[in-house]
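Here the structure comes first, spelled out in structure tokens, and everything after it is commentary.
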Amino acid sequence: MTTGTLFSSVVPGARDRAGNDPIFALNAEAARRAAAGESIVNATLGALMTDDGRLAVMPTVLETMARALDATTAGYAPIAGAPAFLRASIADLFGERAVANQAVAAATPGGTGAIYQAVVNFLEPGQRLLTTSYFWGPYREIAGHAGRDVDTFEMFSPKGGFDIDGLATALDRHLSTQGRALVALNFPCHNPTGYSLTEAEWRAVADQVRRAGEVGPVTLLLDCAYLRFGGTAAEAWVHAVPKLLETITVAFAWTASKSFAQYGARVGALVALHRDEAERAQIANALGYTCRATWSNCNHLGQRAVTELLADAELRRRTDRERQGLVALLGGRIAAFNDAAEAVGLSMPRYDSGFFVTVFSPNGAATAASMREAGVYVVPVSGGVRVALCSVAEADVPRLVDALGDGVRAARAYGGRT
């Protein structure tokens, strides 16, 4: 028989945490209702689905992964990643451009691992990651779990474009208060807004970030998860990199999750560029140390398959063609959504590519709650709701937009802002 106090082993800082991501929780609720026979439109999860509700995959990717499975890939990959995979990741970003020679990389479990690498190696404990006022929610969890935090600047100017002045002011604030800055920008196809920077906006960003790099250590982290779905904006950032490298470190959270429709493979890389060779060696060592201290090794099978898909000319041609089919599938939904949204007067950013869009609302939680009553699921965010059009059949777009219109009106009637 036991007596006395029953103690909790969970440290105070880890108590009372949500055990599941709210997006996955909403997705599970929508799936339960659909399985029970309800008519549900589920626009929560960031995975591209076919119009008949199946996960969209690329046959060449599946074939290559099956072929790559052998005794070699059952063994450990090198701690920082297979060298051929790292070279292929860098080449996928820069091709034969000269800046590729100023890059180092480490394999990560998807883009999430790459963001973690940047947070723990380019910020001190207690410091804050700087990003836009609309941002992918897990940035805060990643930073918080690593003993850092998140700070934001207004994403949009009063005219609806990217707020360059807001970025400049926030950069100055971070350099003056914490002595360094790590800026995360998720373009093209920003999650959750769907916005992509124009070439002119990229030039303005480069000017301001380069200027800040003359004052103190600055890292610009480009979260490029949706790069291959970015249409004409997919490489608008390329011409900004040489100017940025004059004063700062440029890092990329690169992932195969979206580019190869392999969310579960968890294959990614943190690619970092600096003009000084000695500094690049310091970065590479820091990234390798973090690999060993956290996940140790990344998916060897995934690295082998992705390397083949990127390096073999025929496989690359086939995957490019298959990916274009997925881009076209999504493009049809975006066109239908934009037409319907304009007809009912929804307020949202410019949206021409990517998995998501944000519809502005005075109360995102109230809008999402109203929509759930109608069997339509979206994700509430501050100032609106995130719509994962990637998971919505084109035939369901009219119902989705009608529910959004009703949900925004319900939020206005509810009052308050969140």
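Would you confirm, using the coordinates I've provided, whether residue 225 is in contact with a His (Cβ under 9 Å, 6 or more places away or on another chain) and not assigned by TED's automatic domain parsing to the domain that holds residue 46? No. Scanning segment 140-171 for residues that are in contact with a helix residue (DSSP H, G or I) (Cβ under 7 Å, 6 or more places away or on another chain), in contact (Cβ under 8 Å) with a residue 40 or more places away in the chain and farther than 23 Å from residue 350 by Cα yields a total of 1.
Taking the conditions (1) over 30 Å from residue 307 (Cβ atoms); (2) among the aromatic types (Phe, Trp, Tyr); (3) surrounded by 15 or more Cβ atoms within 10 Å (Cβ to Cβ) in turn, residue 7 satisfies each one other than (3).
What residue, among those in segment 234-256 that are surrounded by fewer than 23 Cβ atoms within 10 Å (Cβ to Cβ) and at pLDDT below 95, is farthest from residue 319 (Cα to Cα)? That would be 239.
Put simply, of 382, 347, 296 the only residue that is at pLDDT below 95, surrounded by fewer than 22 Cβ atoms within 10 Å (Cβ to Cβ) and more than 23 Å from residue 224 (Cβ to Cβ) is 382.
Of all residues in segment 60-95, those being out of contact with any helix residue (DSSP H, G or I) (no Cβ under 6 Å at 6 or more places or on another chain), in a helix (DSSP H, G or I), farther than 23 Å from residue 289 by Cα and not basic (Lys, Arg) number 6.
If I ask for residues that are of a type in the set (A, V, I, L, M), surrounded by fewer than 19 Cβ atoms within 10 Å (Cβ to Cβ) and closer than 20 Å to residue 255 by Cβ, which ones from segment 302-326 would you list? Spell out how you get there, then give the answer.
Of the residues in segment 302-326, the ones of a type in the set (A, V, I, L, M) are 305-306, 309-311, 313, 315, 326.
Filter again for surrounded by fewer than 19 Cβ atoms within 10 Å (Cβ to Cβ), leaving 311, 313, 315.
The answer is 311, 315.
Please determine, by comparing only the residues of segment 178-201 that are in a helix (DSSP H, G or I) and in contact with a strand residue (DSSP E or B) (Cβ under 9 Å, 6 or more places away or on another chain), which one is farthest from residue 379 (Cα to Cα). Restricting to residues being in a helix (DSSP H, G or I) and in contact with a strand residue (DSSP E or B) (Cβ under 9 Å, 6 or more places away or on another chain), the top hit is 178.
The values are calculated or read from the model by the stated rules, or taken from the named source; none is laboratory data. Everything numeric in this text was worked out from a predicted model, so none of it was measured. For neighbour counting, all protein chains shown are included, and Cβ atoms are generated from backbone atoms with ideal geometry for every residue, glycine included.
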